[in-house]
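The numbers here are math on the coordinates, done by the rules we state, and not lab data. Here the structure is a predicted model, which is why all the values come from computation and not from measurement. Cβ: placed from backbone, ideal geometry, glycine included. Neighbour counts: every protein chain shown.
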Amino acid sequence: MPDETQTLSPAITDRTAVKPLASRPAAWLTRLVIAGIVLAALNLRPAITSLGALLEEARVGLHMSGSVAGVLTSVPPLCFALFGIAAPRLARRFGAGAVVCAGMAAIATGLLIRPFAGGTVGFLAASALALMGIAVSNVLMPVIIKRYFPDRVGSMTGLYSMALALGTSAAAAATVPMTEALGGSWRFGLGIWAFLAALAVLPWIGLVRDRGAAARSTPAAPAQDTRAPRVTRSRTAWALGCFFGLQATGAYITMGWMPQIFRDAGVPAGTAGVLLAVTMVMGVPLAFVIPRLATRMRTQGPIVVALGLCGLTGYAGLFFAPAAGAWAWALLLGISNCAFPLALTMIGMRSRTGIGVVRLSAFAQSTGYLISIPGPLLVGVLYQHSGGWELPIALMAGLIVPQIAVGILAGRDRTIEDEC
C-alpha cells in the first residue's frame, strides 16, 4: 500500500524541492501558504474550461476551421508534457515557490492577452503561455504541500483537490453568463479570468521572500536507494503510461468539446456550460473515495472496468439522445473522468521504492500526455469533415475499450522492480 505522499502526486520530484520544513512555520506563513494553494488551484483549469464554453464563438470570431479548433484543444496536454517535465529542474534552481509565482503570472498574462491577440496564431501563443504556467504549477503544488505541511498532507491535498475542481466547474458554468453580462463579447468573457490569476500571484510573492528562511530551516535530505529500476523494461510501466494517456485523452476531449456537442443538439449555451461544470465537479467527492478504495484492493482492475462502463454508457447516451438525457450523460462522463486519481494512485502502488515511484511517475506522465495530444485534434477533424458528432462520439467510445484493457494490466498486483 502506498504512503499518502505517493498517492498525493506522482509528479516528478527532486531531493531539494520536497524536503519538509524542520520546524513548524509561523502562523502568518501557514495562512499565506494555504491562501496560495487555494488560489493557485482555482486557476489551474479555467483557461481550458472557459474556452470550452465559448469555443464556437471564439472559432467564428477568429475564423478558425474545425481542424484548427481541434489543434487548440490539443494544446493543453502538449504543454503539460513539455513544460511539466521541466518543473523540478526549475524548482531546484529558483525554488518551488518562485516557479509557482512565475506560473501564476504566466497564467494571468496569457489569459489577458489571449482574447485580444488579433489572430489564430496569437491566440494559440497566448494560450500556450497560460498553459505553461499551469503545467509547472500543477507539478509543483504537491511539492509545496509536502514542504510546508508534512504532517497534514491528506487534509491539505483534499483542500487542494476541492479548490481545483471548484475552479474547473466554476469556469465552465459561469463563463457564458459573465459573457452575457459583459455585453456578449466572447473576448471579455475569456479575458475576465485573468483577474483571478493575477490575484493568485500575491501570496506567492510573500512565499518567494520567505524562501531563504525556509531553506535555512530545512534539514539535509535523507539518503535514498540509488538502484533505480529501468522502467522502460516494465510492461506494467508501459500499461500505466497508456492508461494515463487514454484517460487524459478523454478528459481533454470532454473539456474542449462536450459543451459544443450539447449546443449542437439544441441545448442552450448557458446550460451546456453548466453540464460541463457538473461533469468536472464529480471529481470532488470521487477524488477522495477512489484512491482509498484502490489501496484496499490487491488489483484495481474492477475499478477500471466500472469507470470504463460509465464512460461507454455516457457516450452511448450522447450518440442516441444527447439533449434528452443530457444531465445523466454529464454525470456518467464525470464519473468516468475520475480515472485520473486512480492513475495517480496506481503509480504510487506499482513501485516499492521512492526513487522507483519518481521514475515511474516521470515515465507514465510524459508518455501519457504525449499519447493524449492527437485525440482532441482528431475529434475536430472528424467533426469538420463529417458534419456531425456521430463519428467523433464513436471515436470517444472506442478509446474506452483499450483504456479498460491497459488499465487492467496496470492494476495487477505487481511492481516494476519485479519486472525489471
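Given the C-alpha centroids of segment 27-48 and segment 366-420, what is the distance between them in whole angstrom? Going from one Cα centre to the other spans 31 Å.
Kirkwood hydrodynamic radius computed over segment 308-420 comes to 15.9 Å, based on all pairs of distinct alpha carbons. In whole Hz and in residue order, list the ³J(HN,Hα) couplings for segment 284-299 that follow from phi through the Karplus curve 6.51 cos²θ - 1.76 cosθ + 1.60, θ = phi - 60°; x for Gly and Pro. After applying 6.51 cos²θ - 1.76 cosθ + 1.60, I find 5, x, 6, 5, 8, 6, 4, x, 5, 5, 4, 6, 8, 10, 5, 10 Hz.
Taking 7 Å steps out from each Cα toward its Cβ at R298 and F116 produces label points 6.2 nm apart.
Distance between the pseudo-spin-label points of L199 and R89 (7 Å out from Cα toward the beta carbon): 3.6 nm. Using the Cβ of L131 as centre and a radius below 11 Å, the other residues enclosed give a net charge of +2, where K and R count +1 and D and E count -1. FRET efficiency for W327 and E180, Cβ-Cβ distance as r, R0 = 30 Å, nearest 0.05? According to the calculation, E is roughly 0.85.
What the Cβ-Cβ distance of F288 and R352 gives, at R0 = 25 Å and to the nearest 0.05, is a FRET efficiency of 0.50.
Between D151 and E419, take the C-beta separation as r, use R0 = 41 Å, and let me know the FRET efficiency to the nearest 0.05.
That pair, D151 with E419, gives E of 0.75.
Within 11 Å, Cβ to Cβ, of A323, how many net charges do the neighbouring residues add up to if Lys/Arg are +1 and Asp/Glu are -1? Summing Lys and Arg as +1 and Asp and Glu as -1 gives 0.
With the simple spin-label model, which puts each label point 7 Å out from Cα in the Cβ direction, the L395 to T30 separation comes to 5.1 nm.
Entry note, segment 297-411: relative contact order of 41 percent, from Cα contacts under 8 Å with a spacing of 6+ residues.
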